[in-house]
Amino acid sequence: MFMLKIVPATTNVNFVGMRRLAYPLSGLLIVASIAMFLIQGLNFGIDFRGGILIEIKTEGPANVEELRRTIGGLRLGEVQIQEFGAPDDVLIRVQQQDGAEEEQVKAIEVIKTALGDTVSEYRRTEFVGPTVGAELIESAIWAVTLAIGAILIYIWFRFEWQFGVGAVIALTHDVITTIGLFAFTQLEFNLATVAAILTIAGYSINDTVVIYDRVREELRRYKKMDMGALLNLAANRTLSRTFMTSVTTLIALIALAIFGGSIIRDFAYAMIWGVVIGTYSSVFIAVPILLWLKISREALSAGSEDDGSGEDVGDAMAEAPSEK
């Protein structure tokens, strides 16, 4: 097991003291994310915007310019063509056609006829109407909002209200910056992305709860320890678990991003960012903010018979740096 001890047991990082750098950085990220969302907006996928999507495999390396001329000459409106993955993989997006579903089917057949023998395989053909897209956007907003609200209630009942507020602040930070990433990079924002955001929320809150549970244990054990030192002690004692979980998850996600194909790639990118920013917020946002929220030591100590005699308070305080 020696090889698994990536983070030494004697690690003594002053996370609480580093809040003076973490808070301005997070504030800058949030402001930049909101600005990018308002200025540039999201690149909504076919799930939300409506339209026709065709994924093809060409005979030999794709000639994107030739495909643009061919499909553009059909006068079907806005057309987007892009390569992804292998040189012969192409994604074609065409705006929704006027009329009912029959018109969309006709447009697909016209495109297939125009492409002719240049295509060896049609991997995916989809159509989503704007009404369905609008309903999906509304459902996605409700899903994320209700998930955050449920998490707040759960943490509130399991711990104290300060823990719930701290967890939701860190979680909201993760969601906003993830949306900002998609606005900045213009990666396609679709239903898979919404699933990624909800998954990020679950991952982030799980990481935060583990640290908060250790904070609660230390509060009951060391009733007179400086609060900043105690928070640092809890964060450092769970750092090995936090680091190992993040690294192993990232290994799987990087493999998905490289080998998963176009359908799963945007989801993998969102999750990679979510693991990184979720780990950061759990340690540098969720923990120090408890100092500002003034958690109640008395409420958590009530009913506990542990008076700290099982572990030397002086030694623990020597291990953990104070908030200064």
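A few points about this structure:
- Here Ile141 meets each of (1) open to solvent by 60 Å² or more (accessible area, probe 1.4 Å); (2) closer than 23 Å to Ile56 by Cβ with one exception, condition (2).
- Some residue of segment 6-29 being of a type in the set (Ser, Thr, Tyr) and modelled with pLDDT under 80: yes
- Against the list (1) open to solvent by 20 Å² or more (accessible area, probe 1.4 Å); (2) assigned to a helix (DSSP H, G or I); (3) in contact with a helix residue (DSSP H, G or I) (Cβ under 7 Å, 6 or more places away or on another chain), the condition Leu253 fails is (1).
- Qualifying residue in segment 49-62 (condition: open to solvent by less than 50 Å² (accessible area, probe 1.4 Å), under 28 Å from Gly278 (Cβ atoms) and in contact with a Ser or Thr (Cβ under 8 Å, 6 or more places away or on another chain)): no
- Residues in segment 154-173 include at least one that is open to solvent by less than 40 Å² (accessible area, probe 1.4 Å) and not in a helix (DSSP H, G or I).
- Filter pass, Thr131 being at pLDDT 75 or above, in a helix (DSSP H, G or I) and surrounded by fewer than 16 Cβ atoms within 10 Å (Cβ to Cβ): no
- When we screen Ile39, Ile34, Ile30, Ile81 for residues that are touching a strand residue (DSSP E or B) at 6+ places or on another chain (Cβ under 8 Å) and not hydroxyl-bearing (Ser, Thr, Tyr), the only hit is Ile81.
- Contacts under 8 angstrom Cβ, first residue in segment 87-103 being under 15 Å from Val64 (Cα atoms) and among the acidic types (Asp, Glu), partner open to solvent by 30 Å² or more (accessible area, probe 1.4 Å) and in a loop (DSSP other than H, G, I, E, B), 6 or more apart: Asp88/Glu59; Asp88/Gly60; Asp88/Pro61
- Tyr269 satisfies every condition listed in (1) in contact (Cβ under 8 Å) with a residue 40 or more places away in the chain; (2) in contact with a Leu (Cβ under 9 Å, 6 or more places away or on another chain); (3) over 30 Å from Asp88 (Cβ atoms) except (3).
- Each residue in segment 174-193 was checked for being open to solvent by 10 Å² or more (accessible area, probe 1.4 Å) and among the β-branched types (Val, Ile, Thr), and 4 of them qualify.
- Hey, Ala86 surrounded by 12 or more Cβ atoms within 10 Å (Cβ to Cβ) and closer than 25 Å to Leu191 by Cα or not: yes
The values are calculated or read from the model by the stated rules, or taken from the named source; none is laboratory data. Note that the coordinates shown come from a computational prediction; the quantities given were computed from them, not determined experimentally. Reconstructed Cβ throughout: ideal geometry from the backbone, glycine too, with neighbour counts over all protein chains shown. The area values use the complete protein model at the heavy-atom level, side chains included, leaving out ligands, DNA and RNA. Shrake-Rupley method; radii C 1.70, N 1.55, O 1.52, S 1.80 Å.
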